[in-house]
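The values are calculated or read from the model by the stated rules, or taken from the named source; none is laboratory data. Keep in mind it's a predicted model, so treat the numbers as computed, not measured. Glycine gets a Cβ as well: all are built from the backbone with ideal geometry, and neighbour counts include every protein chain shown. What goes into the accessible areas is simple: the full protein's heavy atoms, side chains included, and nothing from ligands, DNA or RNA. Shrake-Rupley method; radii C 1.70, N 1.55, O 1.52, S 1.80 Å.
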Amino acid sequence: AIPYDPALPAPQMSLIGCGVMTGVGAALYAADVQPGTSVAVFGCGGVGDSIINGASLAGATTIIAVDLDPRKLEWAKEFGATHTVNPNDGDPVAAIKALTGGNGVNYSFEAVGIAQTWEQALWCRDLAGTCIVIGVPGPGPQMTLDLQRFFDLGGRLGISWYGDCLPTRDFPMLAAWYQQGKLNLDKVVTQTIALEDTEASFEAMKRGETLRSVIVFDS
């Protein structure tokens, strides 16, 4: 358990210990995003938006949010996305390349966990770019990879677990960034709910209506 300043709001602080750290850490530690670079994030839920926030904190200047839900793409802008791509409008890899002078991004992140978006995240990179996978696949999915194409593109494919974080170091840092207005935790909390509202909240999440719902117990 990592203590925090009790003056800070509990719902926002509770998210540091889960999706927020996973996303911010993926950008800062797993990928080591550098200032002035370009980023694409596939999947703009709570984790994906935290990746966007982390990439913005790291100084990335082009941050492309990719999602099928127009509402989530609008939310992504509030976390630092500079551009949005909806795959319903066409090939997202081609769209990302068009936004980056035909080159592709320096860093791509997959926060969905399906083969199709894994592949898109791989091929939207610039030469020697980095792809970090955060989305957890269920049992069974497989992906066929053109090995020569993968080798020729170069770069790195990595898996990030929990943002490669050190909680005793990183949780207080994220809390401080929230206090300073650098880390947007307020927008991650779509709603606070009572315990009896949990099932309805899960249904709202499935419909894409929320980023995070936080159960609050009255003392």
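The table for this structure:
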read-out: So A94, is it outside any loop (DSSP other than H, G, I, E, B), open to solvent by less than 60 Å² (accessible area, probe 1.4 Å) and either without any contact (Cβ under 8 Å) to a residue 40 or more places away in the chain or among the aliphatic types (A, V, I, L, M) (or both); value: yes
read-out: Matching residues in region 122-141 - criterion: being crowded, with 21+ Cβ neighbours inside 10 Å, out of contact with any helix residue (DSSP H, G or I) (no Cβ under 8 Å at 6 or more places or on another chain) and not hydroxyl-bearing (S, T, Y); value: D126
read-out: Flag if G46 is closer than 19 Å to K182 by Cα, at pLDDT below 95 and buried (at least 19 other Cβ atoms within 10 Å of the Cβ); value: yes
read-out: Pick from region 100-116, criterion farther than 24 Å from G208 by Cβ, touching a residue at least 24 places away in the same chain (Cβ under 8 Å) and not in a strand (DSSP E or B), ranking: least open to solvent (accessible area, probe 1.4 Å); value: G104
read-out: G163 among the small types (G, A, S) and open to solvent by 30 Å² or more (accessible area, probe 1.4 Å); value: no
read-out: Only listed residue being in a helix (DSSP H, G or I), under 27 Å from V189 (Cα atoms), of a type outside the set (K, R) and open to solvent by 50 Å² or more (accessible area, probe 1.4 Å), chosen from E119, E74; value: E74
read-out: Residue satisfying condition, being surrounded by fewer than 14 Cβ atoms within 10 Å (Cβ to Cβ) and over 20 Å from the mean Cα position of the chain (by Cα), within set D186, D152; value: D152
read-out: Near pairs, Cβ below 7 angstrom, 6+ apart or cross-chain, from region 133-152 (over 22 Å from A30 (Cα atoms)) to any residue that is open to solvent by less than 50 Å² (accessible area, probe 1.4 Å); value: P141/A115; Q142/A115; M143/A115
